[in-house]
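A quick write-up on the structure given underneath.
A short reminder: the numbers here are calculations on the coordinates, not readings from a lab. Quantities reported herein were computed from a predicted structural model and do not represent experimental measurements. Heads up, the Cβs are rebuilt from the backbone with ideal geometry, glycines too, and the neighbour counts pull from every protein chain shown.
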Amino acid sequence: MTITAAMVKELRELTGAGVMACKNALVETDGNQEAAIEVLRKKGEATAVKKSGRIAAEGIVYTLVEDGKAAIVEVNSETDFVAKNEKFQTFVGNVAKQIVASDAKDVEELLGEAWILDPAKTVKDELVSQIAVIGENMNIRRFEKLESEGVISSYIHAGGKIGVLVEADAPANDAVTAAIKTIAMQIAAMNPQYISRNDISADELAKMREITIDSALNEPDTLPKPILMNLLNKAVESKAWSDEDIAIYEEKKSNLNYLFNFLSKEAKAAVAEIAMNDKAEIMENKIFNGLVEGRVSKQLKEVCLLDQTYVMAADGKQTVAKYLDEVSKEVGATVALKKFVRFETGEGLEKKEENFAEEVAAQMK
């Protein structure tokens with residue numbers, strides 16, 4: 001019987017097994033789908049398939065630094081219990097070794113490579129085998145590599161919940177290595193998005209400013225008083241408010257700091273709507289632009305590593321940039337950060353909430 005691509009596709013969708021595994025199973029069973037599923041079960045693919053629908057959102061992040069090369073990898077499991085299992089952690093450590101020695105550019109390429117501890121198997125084969133042994137769905141979710149003639153440091157937080165790699169263009173000595181280690185800890189704790197403001201594109205900055213402007217206009221009680229008074233007067237004059245809200249305004253307008261505590265939700269929304277309608281006019285106001293620039297600057301200090309307050313600063317004020325300047329003077333050479341990678345286990349994944357009683361009842365059915 002001719003095995004068509006459609007037949008392979010259907011079996012793959014039913015089982016989640018690999019394309020070649022599905023094709024070979026269909027060839028072996030002369031196109032019989034049920035028999036092919038049984039073949040996949042017997043070959044170990046079915047164990048992984050059976051669990052593939054379950055969400056793997058726990059797990060660990062692991063880092064490895066060897067001879068100027070480094071890898072960071074996230075491997076997921078279904079439960080935190082398995083993530084702490086020695087077999088699971090050993091497997092993840094071996095995956096990291098595989099990545100350091102690999103030229104794979106993504107997980108799909110990695111899974112197709114010969115397994116570092118047994119070239120007769122692929123990485124995918126070993127993953128399927130580990131799923132069968134450990135008894136939970138597992139997933140090599142993502143990885144990244146760094147290679148440098150400078151300094152690479154790593155940090156793992158909370159037993160693998162967060163992992164960080166940092167690359168610096170700097171001389172490799174004990175002082176620099178220790179300093180970059182603390183920077184890795186900073187990144188784990190403060191989760192910056194960029195090294196410096198120079199890494200943010202003009203489009204990203206424009207988007208940040210646009211969001212800040214709209215956010216300010218939609219929170220009119222935070223606007224400068226001259227702008228706010230103008231908006232309030234428009235709300236009254238245009239009869240956008242109820243008589244009750246107008247009465248509250250007349251009573252409380254001498255102290256705008258507390259006015260919005262007494263206005264109705266509808267009245268607050270009406271002022272925000274007027275502010276958005278007057279957006280072009282308000283943006284010409286120098287005071288408003290100063291407010292926006294101040295808020296954008298505050299955001300940049302949060303998302304840019306060099307602008308952040310150094311977590312180990314003795315005075316609680318020193319920035320990461322100032323700290324690295326001090327280290328540079330101490331070692332007599334520039335210590336410049338080139339790149340960092342931060343993985344947090346399960347970020348962006350939906351974690352399925354299980355009801356134990358419902359799960360038992362479902363299994364009994």
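Descriptive notes on the structure:
- Label-point gap, in nm, between GLU281 and VAL296 - each point 7 angstrom along Cα→Cβ: 2.4
- 10 Å Cβ shell holding at most 16 others, DSSP loop, GluC sites (Glu not before Pro): longest site-free stretch of the chain: 1-148
- Spatially proximal aspartates and glutamates relative to LYS161 (Cα-Cα < 17 Å; intrachain offsets below 8 disregarded): GLU58, GLU74, GLU78, ASP80, GLU86, GLU144, GLU344, GLU347, GLU350
- Whichever aspartates and glutamates have a C-alpha closer than 16 Å to that of LYS301, once near sequence neighbours (fewer than 8 apart) are set aside: ASP199, GLU204, GLU293
- Fluctuation leader among SER238, SER148, SER129 - the chain, Gaussian network, Cα springs under 10 angstrom: SER238
- Beta bridge orientation in the chain: antiparallel %, DSSP, nearest 5: 95
- Placing R0 at 22 angstrom, the Cβ-Cβ distance between ASN289 and LYS207 gives a FRET efficiency of 0.80 after rounding to 0.05.
- Gyration tensor analysis over the Cα atoms of segment 202-301 returns equivalent ellipsoid semi-axes of 27, 13, 11 Å (largest first, whole Å).
- Residues PHE81 and GLU326, FRET efficiency given R0 of 51 Å [Cβ-Cβ distance, rounded to 0.05]: 0.70
- Mean residue ellipticity at 222 nm, helices only, the chain: -16000 deg cm²/dmol; runs of at least 4 DSSP H residues each add -39,500 (n - 2.57), and the sum is divided by the number of residues.
- All Cα pairs of segment 127-220, percent lying beyond 20 Å: 61
- Loop-located trypsin sites (Lys or Arg not before Pro) in segment 144-251 (DSSP state not H, G, I, E or B) with no more than 12 neighbouring Cβ atoms inside 10 Å: LYS239.
- As a size descriptor, the averaged projected area of the C-alpha convex hull of the chain was calculated at 28.7 nm².
- Amide proton proximity set for TRP115, modelled H, under 5 Å, gap of 5+: LYS121, THR122, VAL123
- Cα centroid separation, segment 290-325 to segment 8-38 (Å): 56
- Across the chain, the relative contact order, built from alpha-carbon pairs under 8 Å that are at least six residues apart, equals 18 percent.
- Distance violations [Cα-Cα > 26 Å] among LYS97/LYS338; LYS286/LYS322; LYS69/LYS181; LYS97/LYS181; LYS253/LYS286; LYS286/LYS339: LYS286/LYS322; LYS286/LYS339
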